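To keep things clear, I will list the structure first and then write my remarks on it.
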Amino acid sequence: MPKFSINRTLPLVAISLPVAVGACNKYEMFRLSGYEQVSFSSEVDVLFVIDGSSSMSDEAGALLRNFDDFIETVAGGSGAGNATESLTDAVGDYISFTADRGRITDYRLAITTASMDAKDAWSLEPEGGETGLFVGDDGFQVVYKGDDNAVHQFKQNLGCWGACWNGAEMPTNSSYIGTTGDCPFPDSNGDGVVDNNDEVTTQYLDCLCTDVSYPEGEDWDAIELCRAGNELHLESTLMALCRATEDPPEICYHTKDSTDFPFEDSWIGTNTDWMRPDSTVVVVYVTDEGDQSEAVVGGLFSGSEDDPQVYIDAFEQFDRPIRFAAIGPDLICEGDNNCSFPCNSGGASATGVKRLQKLAASTGGFYNPITSGDGDDCPVSDFSVHLKDLGKLLINLQSAFELQSTPDETTIRAYVDDEEVDKATVNESTGEYTNGWSYEPGQNAVVFWGSAIPDFNQDVRIYYRPLDGKPRDLPF
Amino acid sequence: MTRVLSYFVALFALFVGSGAHAQPAVDVGVIKNDDIKIVQKMLYPKVGRLETGAHLAVMPFDAFTFTPAVALTVAKHTREDLGFEGVLMGGYSLKNTRYNELEGPAYGVSPDAYRFLGSVMFDTQYSPIYAKMNVAGQRIFHHDIFVTGGIGATFEQAMQPDNSLAIAPTLGLGIGARIFTGKDYALRIQLRDDILREKRAKTADTQAWFIKQNVSLVIGMSKLSK
């Protein structure tokens, strides 16, 4: 048996111990977001969920009237603009991102209504605008940024398919001049300018809907285009998303036992070519009522709760950022229960409105009142403001970097081309941010403001320590 | 009786004499291994000499970094087996492939690793072993084996873009060999383990101190002078 030798053993210990331990240095793991330029996606798929009831004709008119400005905001000066496959493609086309951020927004627009009644229109099967199905002529339900006639097509989908009109009560304007495919909004009061006092006229809709493929003998004035009954905005949105994906999540089948609108495999892919794999989805509600997606009529709300969490959970199953904006009834609350409607022309309930308000707030969207003033005959609010807000929301997506984990906010550090960006501060009176970044819990995203918004080709990195500690399972 | 006694004496003398002639010869040239004790003549003494050296180093054992470095050493040998050494080391840690993989889109994770920039250490050097080795029967190298221990400070910087600096008190341990290549020169090979007590700015709220080990392999030349 060999003798123990301190001279032999010590060097072995001295060599092996530190080598073994040295490989186990402990480091805190931070999450890193915004690494990929592709995550800086410019793809936004927008779904308008319109209240298609007869009380909404004024609002639909306001939307039509102001839609040009909206498109101008999100598409840049060229109107339709150029679609880009990715931000990398856009780099070659545009010199300055910050100078005209709207130009790189690659949008797709679609419209459905809040109606979940498959029997509303001409057939007993779901038609456009029902159970989440997009409205529009076959093959033209989705408006692409690259379309030369994107504005006209969207207006056609809205004015000729999505809205409910009563031709007998609408103003007329015999001097209206328009041609198929080029139907300007009418100067119905003849004051020489198109403003908020002008309304949709029958001549305008005749022009707009000339080449629409209605069923034989029907037109924009058909009663079948008016959706009555319950307004299930959230359920309709869910079904629209379920129809838009080739692999619907489990939640889509929650209506499988419904006799009215059971989601079935034949619905898969019926809202085709709208939702792209890496896009952000923005849902815009335009309604003078609140949401009524209760279980008794096929929704997910078990009762009269106003917390939309059950639908937030459902939308999360689509594994993509989804943001919500709403132009809805003017509900003012002092505290959670003391609420009132200055104007409630649509007969909305506070619960239904709160659902939309909370949904918008929780995802970083906005909620704007659809009316202004008070009383029974209050006017429609300024849709140019709403659409500008929507344009900002869409463009703001370019500056928002979603984080994969919930961060310890104090550990967030943002870098653009390895230069640290300061945290922005908010002006309490104006609500505006200084140049820098802010953390938006609703989106779980870091949002850049002002001159701190990254330009093309700039490398954006956001480091943070996750609240739940270890970021994820690592391969070693 | 006298005749008989003489006979016996003669016979005894013959017996004894014959026995002496039968003993085998003793081989005084064979020595047992246990009997061998050789103390080699020390050709390269260190006592009283000043040793200055320049070295290259790497820290290859960290999980997320790889660090090339250079070091300068100055040692005073007060005894043959005892010396005191100052070590000035500078380097720059690089992200290794594992770090880069983690930072990539597949994981989106960034370790809060710290980059080695430099260290100043004051070591005591104990070298109890002086020996020579025969290499392939062609050449004999005289060498010694030493261990070191000391204290100092290490300067590091966060590898994440905040570049937070850390000055860490450091305990240094090491073992090495000095291979004498000439009367005044030696090739030094050393394994160092610098144990840092490091405060990291970004996580100071949740963990005040981290223990980090910078294990380095050092190779260089030193000059022994009076």
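What's the total number of residues in segment A:176-203 that are among the polar types (S, T, N, Q) and modelled with pLDDT under 85?
Of the residues in segment A:176-203, the ones among the polar types (S, T, N, Q) are A:179-180, A:188-189, A:196-197, A:201-203.
Within this subset, residues satisfying the condition of being modelled with pLDDT under 85 are A:188-189, A:196-197.
Final tally of qualifying residues: 4.
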* Would you check which residues across segment B:172-225 are polar (S, T, N, Q) and either in a helix (DSSP H, G or I) or under 24 Å from the mean Cα position of the chain (by Cα) (or both) and list them? => B:Thr181, B:Gln190, B:Thr203, B:Gln213, B:Asn214, B:Ser216, B:Ser222, B:Ser225
* Asked: Can you pull out the residues in segment B:102-125 that are loosely packed, with under 15 Cβ neighbours inside 10 Å and within 11 Å of chain A (Cβ to nearest Cβ)?
  -> B:Gly104, B:Pro105, B:Ala106
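Tally up the residues in segment A:333-349 that are under 12 Å from A:Ser372 (Cα atoms) and of a type in the set (A, V, I, L, M, F, W, C), please. Reasoning before the result, please.
Residues of segment A:333-349 under 12 Å from A:Ser372 (Cα atoms): A:341-345.
Retained after the next criterion (residues that are of a type in the set (A, V, I, L, M, F, W, C)): A:341, A:343.
Number satisfying all stated conditions: 2.
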* Quick one: how many residues across segment A:14-69 are more than 8 Å from chain B (Cβ to nearest Cβ), modelled with pLDDT under 85 and assigned to a loop (DSSP other than H, G, I, E, B)? -> 6
* Asked: Out of all the residues in segment B:213-226, which are over 17 Å from B:Ser119 (Cα atoms) and either at the interface with chain A (Cβ under 10 Å from one of its Cβ atoms) or charged (D, E, K, R) (or both)?
  -> B:Lys223, B:Lys226
* Asked: For segment B:92-101, does any single residue satisfy the condition of being touching a Gly at 6+ places or on another chain (Cβ under 9 Å), within 22 Å of B:Leu117 (Cα to Cα) and either charged (D, E, K, R) or surrounded by 14 or more Cβ atoms within 10 Å (Cβ to Cβ) (or both)?
  -> no
* Structure fact -> Reported set for segment A:107-143 where residues are among the basic types (Lys, Arg) and over 24 Å from A:Asp288 (Cα atoms) is A:Arg108
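Show me the strands (runs of 3 or more DSSP E) found entirely inside segment A:305-370 where at least 3 residues are over 20 Å from A:Leu47 (Cα atoms) and either without any contact (Cβ under 8 Å) to a residue 40 or more places away in the chain or of a type in the set (A, V, I, L, M) (or both).
Working: elements: A:322-328, A:330-334, A:338-343, A:367-369.
Output list reads A:330-334, A:338-343.
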* Asked: For residues in segment B:129-147 being surrounded by 15 or more Cβ atoms within 10 Å (Cβ to Cβ) and of a type in the set (A, V, I, L, M), which is farthest from A:Glu420 (Cα to Cα)?
  -> B:Ile145
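For (1) under 25 Å from A:His233 (Cβ atoms); (2) at pLDDT 90 or above; (3) among the polar types (S, T, N, Q); (4) under 18 Å from the mean Cα position of the chain (by Cα), each residue gets a yes or a no:
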{"position": "A:Glu130", "(1), (2), (3), (4)": "yes, no, no, no"}
{"position": "A:Asp137", "(1), (2), (3), (4)": "yes, yes, no, no"}
{"position": "A:Asp148", "(1), (2), (3), (4)": "no, no, no, no"}
{"position": "A:His152", "(1), (2), (3), (4)": "no, no, no, no"}
{"position": "A:Ala163", "(1), (2), (3), (4)": "yes, no, no, no"}
* Of everything in segment B:197-212 that's free of Cβ contacts under 8 Å to residues at least 24 places away in the same chain and of a type outside the set (Ser, Thr, Tyr), which residue is farthest from the other protein chains (Cβ to nearest Cβ)? -> B:Ala208
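Taking the condition crowded, with 24+ Cβ neighbours inside 10 Å, out of contact with any helix residue (DSSP H, G or I) (no Cβ under 6 Å at 6 or more places or on another chain) and among the charged types (D, E, K, R), does A:Glu125 pass?
On the way: crowded, with 24+ Cβ neighbours inside 10 Å: no; out of contact with any helix residue (DSSP H, G or I) (no Cβ under 6 Å at 6 or more places or on another chain): yes; among the charged types (D, E, K, R): yes.
It is false that A:Glu125 is crowded, with 24+ Cβ neighbours inside 10 Å, out of contact with any helix residue (DSSP H, G or I) (no Cβ under 6 Å at 6 or more places or on another chain) and among the charged types (D, E, K, R).
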* Select from segment A:317-366 the residues that are at pLDDT 90 or above and among the hydroxyl-bearing types (Ser, Thr, Tyr) and list them in ascending order. => A:Thr351
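Within segment B:148-170, which residues are within 30 Å of B:Asn100 (Cα to Cα) and either free of Cβ contacts under 8 Å to residues at least 24 places away in the same chain or surrounded by fewer than 16 Cβ atoms within 10 Å (Cβ to Cβ) (or both)?
Narrowing segment B:148-170 to residues within 30 Å of B:Asn100 (Cα to Cα): B:153-170.
Listed by number, the residues that qualify are B:Ala153, B:Pro161, B:Asp162, B:Asn163, B:Leu165, B:Ile167, B:Pro169.
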* Asked: Only one residue in B:Gly91, B:Gly118, B:Gly86, B:Gly108 is modelled with pLDDT under 95 and not acidic (Asp, Glu). Which one?
  -> B:Gly108
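Scan segment A:385-444 for residues that are part of a loop (DSSP other than H, G, I, E, B), acidic (Asp, Glu) and out of contact with any strand residue (DSSP E or B) (no Cβ under 6 Å at 6 or more places or on another chain) and jot them down. Steps first, please.
Kept after step one, since they are part of a loop (DSSP other than H, G, I, E, B), are these residues of segment A:385-444: A:403-406, A:408, A:412, A:417-418, A:422, A:424-425, A:427-432, A:434-435, A:441-444.
Adding the requirement that they be acidic (Asp, Glu) leaves A:408, A:417-418, A:422, A:428, A:432.
Passing the criteria: A:Asp408, A:Asp417, A:Asp418, A:Glu428, A:Glu432.
Can you name the residue in segment B:169-196 that is of a type in the set (Lys, Arg) and over 14 Å from B:Gly150 (Cα atoms) and is also farthest from the other protein chains (Cβ to nearest Cβ) among such residues? Break it down stepwise before answering.
We begin by selecting, within segment B:169-196, every residue of a type in the set (Lys, Arg); these are B:178, B:183, B:188, B:192.
With the extra rule that they be over 14 Å from B:Gly150 (Cα atoms), the set shrinks to B:178, B:183, B:188.
Numbers: B:Arg178: 14, B:Lys183: 27, B:Arg188: 15 Å.
The extreme case among them is B:Lys183.
For segment B:82-95, indicate whether the set of residues that are more than 14 Å from every other protein chain (Cβ to nearest Cβ), of a type in the set (Ser, Thr, Tyr) and under 26 Å from A:Tyr27 (Cα atoms) is non-empty. I'd like the intermediate steps shown before the answer.
Taking segment B:82-95 as the starting set, the residues that turn out to be more than 14 Å from every other protein chain (Cβ to nearest Cβ) are B:82-92, B:94.
Right, trim to of a type in the set (Ser, Thr, Tyr) and you get B:92.
With under 26 Å from A:Tyr27 (Cα atoms) added as a condition, the list becomes B:92.
Checked against the condition, which is being more than 14 Å from every other protein chain (Cβ to nearest Cβ), of a type in the set (Ser, Thr, Tyr) and under 26 Å from A:Tyr27 (Cα atoms), segment B:82-95 yields at least one hit.
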* Only strands (runs of 3 or more DSSP E) wholly contained in segment B:87-163 count here; list those with 2 or more residues that are farther than 30 Å from A:Val460 by Cα. => B:114-135, B:139-158
* **A:Val416 vs. criteria within 17 Å of A:Ile453 (Cβ to Cβ), β-branched (Val, Ile, Thr) and touching a Pro at 6+ places or on another chain (Cβ under 9 Å)** => yes
* **Those residues of segment A:211-232 which are buried (at least 16 other Cβ atoms within 10 Å of the Cβ) and in contact with a Ser or Thr (Cβ under 6 Å, 6 or more places away or on another chain), in sequence order** => A:Cys226, A:Arg227, A:Leu232
* Hey, can you tell me all the residues within segment B:60-81 that are modelled with pLDDT under 95, crowded, with 17+ Cβ neighbours inside 10 Å and more than 14 Å from every other protein chain (Cβ to nearest Cβ)? => none
* Subset of segment A:159-179 (residues that are surrounded by fewer than 19 Cβ atoms within 10 Å (Cβ to Cβ) and part of a helix (DSSP H, G or I)) -> A:Gly167, A:Ala168, A:Glu169
* To do: All but one of (1) farther than 20 Å from B:Leu187 by Cα; (2) modelled with pLDDT under 95 hold for B:Gln138, so report the exception by its number.
  => (1)
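The values are calculated or read from the model by the stated rules, or taken from the named source; none is laboratory data. Here the structure is a predicted model, which means the values were calculated and not measured. A quick note on method: Cβ atoms are made from the backbone with ideal geometry, for glycine too, and the neighbour counts reach across all protein chains shown.
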